[in-house]
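K.L.:
Below is a structure I'd like to ask you about.
The values are calculated or read from the model by the stated rules, or taken from the named source; none is laboratory data. Only a predicted model underlies this, so the values are computations on that prediction, with no experimental measurement involved. Cβ placement follows ideal geometry from the backbone for every residue including glycine, while neighbour counts extend to all protein chains displayed.
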Amino acid sequence: MLLIVGLGNPGSQYEDTRHNIGFKVIDKLINDFGARDVSKNSFYGELFKSNQILFLKPTTFMNLSGKSLIAVKNFYKIELRDIIVVHDDIDLPFSALRFKSGGGHGGHNGLRSIDSMIGKEYIRVRMGVGKPEHKSQVADYVLHDFSQYEGKILDEWIGHTATAVKELEEHDLNHVKSRYSLKEFTQK
């Protein structure tokens, strides 16, 4: 069983923010796979299933994402190597896409929560959202909507990322890295 987790915050006020890019990818995958809702209160999130793939959107708010992930991991007895987390990354320029297994949380509170609950050896799909000029502006920056320019390529970039995540079901991380990593997304 494969568990794909998208990070974000619940609520309509956060729906189109940079911090919710993980939710956007999960929404695309749920739609592409025609996944069915298998949520339970004990999962602290929205959980969908298609064959042997689970799609999770934690509803605990970003800082407690690990609470939802560990509940689903334990219920379905999922190995760390079979967990993929899709998240925003301010250390990458907007529309960059990177993949890695393990590593630090880089100050990302969602990853910090997950690392503290399950460890670090899961696959991370890092979606670059750029960063503000000053470090003190980070929280405000990630909780704001994408700019009009960014919005123009968002759907295609989310589609590219969803395709890459699908490839992780059948191919190893190095294959997906070499085929789908981006310095920045350029429209076709």
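K.L.:
Tell me, yes or no, whether segment 167-184 has at least one residue that is over 16 Å from the mean Cα position of the chain (by Cα) and at pLDDT below 90.
P.N.:
Yes, segment 167-184 has at least one match.
K.L.:
Return yes when Pro58 is more than 18 Å from Val129 (Cβ to Cβ) and either touching a Leu at 6+ places or on another chain (Cβ under 6 Å) or in contact (Cβ under 8 Å) with a residue 24 or more places away in the chain (or both) and no when it is not.
P.N.:
yes
K.L.:
Looking at this structure, is Phe48 buried (at least 17 other Cβ atoms within 10 Å of the Cβ), out of contact with any Ser or Thr (no Cβ under 6 Å at 6 or more places or on another chain) and free of Cβ contacts under 8 Å to residues at least 24 places away in the same chain?
P.N.:
On the way: buried (at least 17 other Cβ atoms within 10 Å of the Cβ): yes; out of contact with any Ser or Thr (no Cβ under 6 Å at 6 or more places or on another chain): yes; free of Cβ contacts under 8 Å to residues at least 24 places away in the same chain: yes.
So Phe48 fits the description; yes.
K.L.:
I would also like to ask the following. Search segment 65-124 for residues being in contact with a His (Cβ under 6 Å, 6 or more places away or on another chain) and surrounded by fewer than 20 Cβ atoms within 10 Å (Cβ to Cβ), and hand back the single one that is farthest from Asp155 (Cα to Cα).
P.N.:
Among those that are in contact with a His (Cβ under 6 Å, 6 or more places away or on another chain) and surrounded by fewer than 20 Cβ atoms within 10 Å (Cβ to Cβ), it is Asp115.
K.L.:
Continuing with the same structure: Take the residues of segment 153-188 that are among the basic types (Lys, Arg) and in a loop (DSSP other than H, G, I, E, B): which is nearest to Leu54 (Cα to Cα)?
P.N.:
Applying the first criterion (among the basic types (Lys, Arg)) to segment 153-188 yields 166, 177, 179, 183, 188.
Restricting the remaining residues to those that are in a loop (DSSP other than H, G, I, E, B) gives 183, 188.
Numbers: Lys183: 29, Lys188: 30 Å.
Once the filter is applied, the top-ranked residue is Lys183.
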